[in-house]
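Data block below; observations after.
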Amino acid sequence: MITMDNIIREGHPTLRKRAEKLTFPLSEENQKLAHDLMEFLENSQDEKIAEKYHLRAGVGLAAPQVDRSIRMTAVLVPGAEGEDPIFKHVLVNPTIVSESVQKAALAEGEGCLSVDRDVPGYVPRADRIKLRWFDLDGNEHVQRLKDYPAIVVQHEIDHLNGILFFDHVNKDNPFSVPEGTLILE
Ligand code: SB7
Ligand code: NI
């Protein structure tokens, strides 16, 4: 299983690389990675397991964060208690087909499992995206996402392109955002 010891941190060169596109069929090794990434998210969101293994809770984990420079990421946005997850998929070769002009940022700012410090500030992103990806069997999917799930997916795709969330924070005034940006509570 993946634990925090397997997650590379800010300063590691892999986090700044553009990750490689995958081809199908996926290798056994990459299929196992897909499973392990999603298992980490499930474990990290289970209070008991997270405490036992000292896992920080996460809604996403991208392959480069475990030092595998390939275009794969797991996303697990939980639903309300007892409800199904809002978005739970391993994305292979994800791309944003189109995005809204409307920007949005989380009121809380963002954090990252690869960043061991608090970086305050708004991270302006597209509020709505049309996402295209492949599943583990090589089937293509297209889905529209908005607000929080859209922001999480953009954070994960950034990892595949060597970008970290604080790259988007305004250096002079971390809480200034483009005019009209929605602030999501
Ligand atoms: C806040 C947190 C995340 C995405 C968007 C807003 C995910 C944090 C976990 N990760 O480091 C995943 O890359
Ligand atoms: Ni991250």
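Sparsely packed loop sites in the stretch 15-86 (the GluC sites (Glu not before Pro) outside DSSP H, G, I, E and B with at most 10 other Cβ atoms within 10 Å) comprise GLU81, GLU83.
With a cut-off of 13 Å between beta carbons, the residues surrounding PRO124 carry a summed charge of -4, where Lys and Arg count +1 and Asp and Glu -1. Choose one answer from PRO94, PRO64, PRO78: the residue with the largest mean-square fluctuation in a GNM of the chain with alpha-carbon springs under 10 Å. The residue that fluctuates most here is PRO78. For the chain, with a Gaussian network of springs between Cα atoms less than 10 Å apart, report the residue from LYS32, LYS103, LYS52 with the top mean-square fluctuation. Maximum among the listed residues: LYS52. Residues whose amide H falls under 5 Å from that of GLY60, counting only those 5 or more places apart or on a different chain, are LEU76, with hydrogens built in the peptide plane.
Between GLY82, GLY138, GLY11, where does the largest GNM mean-square fluctuation fall for the chain, given springs only between Cα atoms within less than 10 Å? Maximum among the listed residues: GLY82.
Bear in mind these aren't lab numbers, they're just calculated from the coordinates by the rules spelled out. All values reported here derive from a predicted model rather than from experimental measurement. Every residue, glycine as well, gets a Cβ built from its backbone with ideal geometry; the counts of neighbours run over all protein chains shown.
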